[in-house]
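K.L.:
After the structure tokens below, expect a handful of questions from me.
The values are calculated or read from the model by the stated rules, or taken from the named source; none is laboratory data. Bear in mind that the values here come from a model prediction, so they are computed numbers and not experimental data. Methodologically, a virtual Cβ is constructed for each residue, glycine included, from the backbone with ideal geometry; neighbour enumeration extends over all protein chains shown.
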Amino acid sequence: MAEPKGPPSSSKIEMKKYSFPVKPIQRLCWTEATADHLMTHEEPVVLTDTDLVQSALHWDLSYLEQNMGPAKHTVYVSKSRYFMYYDERKVNDFPSFKEPMKKREWTFSKFVDEYKSHEGRTDEYLYYQDALTDTVGSGIKHDFVHFNWHWVSERKKRYNWGQLTSNLLLISQPGNITPCHYDEQHNFFCQVRGLKRCLLFAPDQYDKLYPYPVAHPCDRQSQVDFDSPDFERFPKFKEIEGYECILSPGDVLYIPMYWWHTIETSPGELSISITFWYRGGPVPSKITYPLSSQQKVAITRNIEKMLHEALQDHNEVGPLLHMICDGRY
Ligand SMILES: CC[C@@H](CC(=O)C(=O)O)C(=O)O
Ligand SMILES: [Zn+2]
């Protein structure tokens with residue numbers, strides 16, 4: 001079967017240009033054996049014809065405003081186009097940490113008003129990022145119930161994933177960028193409205209992306225500024241190689257656990273996406289060697305956590321790691 005028709009290439013919709021090489025992420029009907037092979041081997045793939053969020057493809061700001069109910073929702077406000085996630089529970093240990101964005105709790109109507117009044121502003125940007133919960137109105141509940149739950153639960157079973165932890169609703173202004181990071185869950189990233197360019201990097205690119213220390217509020221985020229990389233501090237970023245896709249409404253991108261990704265909303269229009277995050281499956285009873293890159297990343301995280309716990313001071317973790325490695329390994 002020929003590859004399904006894809007959205008315009010990134011050059012046609014003015015996405016940011018980077019100097020590192022990228023290969024296209026395969027775009028396949030979910031019934032294709034290759035799609036199944038990629039997901040079985042925890043490799044990214046854009047799936048078409050899943051109908052996973054078909055019942056949400058009519059969503060736009062006004063429909064959501066009518067149906068999201070009266071609850072408060074998390075909206076991030078940033079002075080730049082970048083929305084770097086940080087864990088507010090870790091901020092106390094880093095007194096000089098400057099929050100890269102501010103977190104607001106607004107009703108959906110307040111968000112829509114702010115969205116409209118921020119149009120055209122270049123000093124502040126908004127990004128709605130909140131879980132879909134049962135506080136929503138009946139219209140959204142109806143649409144949610146009609147997601148293709150049969151399809152997605154079949155995938156969960158087939159790939160032996162853990163439980164579904166959340167469905168995040170993402171409403172992004174044109175041009176917003178989520179900087180490069182990895183998550184510790186599998187993700188079916190569903191595009192509902194607008195276009196998003198996704199750049200993904202395999203877990204074995206860890207040494208080229210220089211994540212913040214695990215104890216840092218920006219744990220799991222790359223320290224490298226992709227727009228102006230500091231090759232003195234991050235020399236191996238020169239060797240980075242990635243994968244790219246442009247998602248249009250109805251597309252589902254499988255982002256495997258520990259795969260790095262940076263996501264850019266096309267400058268053309270607002271974007272609405274819904275994520276399905278699943279915990280990883282149980283540790284295999286029989287460990288096979290060599291270990292996978294994902295397993296090695298998990299080991300590095302456990303070592304950093306253990307040292308931080310033992311030393312009780314994150315400032316001592318680096319010096320001890322250097323003491324172990326420098327001149328010896
Ligand atoms: C969290 C925002 C991001 C998506 C993402 O990182 C994820 O779903 O894991 C994006 O779409 O800008
Ligand atoms: Zn992510």
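K.L.:
Mind listing whichever residues of the range 172-185 are touching a helix residue (DSSP H, G or I) at 6+ places or on another chain (Cβ under 9 Å) and more than 10 Å from ligand 1 (Cβ to nearest atom)?
P.N.:
Gln173, Glu184
K.L.:
Please verify whether the range 288-302 includes one or more residues that are within 16 Å of ligand 2 (Cβ to nearest atom), β-branched (Val, Ile, Thr) and in a strand (DSSP E or B).
P.N.:
Looking through the range 288-302, none of the residues is within 16 Å of ligand 2 (Cβ to nearest atom), β-branched (Val, Ile, Thr) and in a strand (DSSP E or B).
K.L.:
Which of the residues spanning the range 75-133 are over 20 Å from Leu168 (Cα atoms) and either touching a helix residue (DSSP H, G or I) at 6+ places or on another chain (Cβ under 7 Å) or outside the structural domain of Ile171 (by TED's automatic domain parsing) (or both)?
P.N.:
Listed by number, the residues that qualify are Asp93, Phe97, Glu124.
K.L.:
While we're here: Out of curiosity, is Thr275 within 16 Å of ligand 2 (Cβ to nearest atom), more than 23 Å from Asp36 (Cα to Cα) and either assigned to a loop (DSSP other than H, G, I, E, B) or among the hydroxyl-bearing types (Ser, Thr, Tyr) (or both)?
P.N.:
No: the conditions fail for Thr275.
K.L.:
Which residues, taken from the range 116-134, are loosely packed, with under 15 Cβ neighbours inside 10 Å and polar (S, T, N, Q)?
P.N.:
Of everything in the range 116-134, those that are loosely packed, with under 15 Cβ neighbours inside 10 Å and polar (S, T, N, Q) turn out to be Ser117, Thr122, Thr133.
K.L.:
Sticking with this one: Mind telling me which of the residues Gly318, Gly281 ends up being surrounded by 12 or more Cβ atoms within 10 Å (Cβ to Cβ) and part of a loop (DSSP other than H, G, I, E, B)?
P.N.:
Criteria check complete, one pass: Gly281.
K.L.:
Within the range 152-175, track down each residue that is outside any loop (DSSP other than H, G, I, E, B) and surrounded by 16 or more Cβ atoms within 10 Å (Cβ to Cβ).
P.N.:
Of everything in the range 152-175, those that are outside any loop (DSSP other than H, G, I, E, B) and surrounded by 16 or more Cβ atoms within 10 Å (Cβ to Cβ) turn out to be Val152, Arg155, Lys156, Leu164, Asn167, Leu168, Leu169, Leu170, Ile171, Ser172.
K.L.:
Note down all Cβ pairs under 8 Å where the first residue falls in the range 173-190 and is modelled with pLDDT under 95, the second is aromatic (Phe, Trp, Tyr), and they're at least six residues apart or on different chains.
P.N.:
none
K.L.:
Checking the structure you have, find out if any residue of the range 207-218 is surrounded by fewer than 18 Cβ atoms within 10 Å (Cβ to Cβ), within 16 Å of ligand 2 (Cβ to nearest atom), assigned by TED's automatic domain parsing to the domain that holds Thr265 and assigned to a loop (DSSP other than H, G, I, E, B).
P.N.:
No, the range 207-218 contains no residue that is surrounded by fewer than 18 Cβ atoms within 10 Å (Cβ to Cβ), within 16 Å of ligand 2 (Cβ to nearest atom), assigned by TED's automatic domain parsing to the domain that holds Thr265 and assigned to a loop (DSSP other than H, G, I, E, B).
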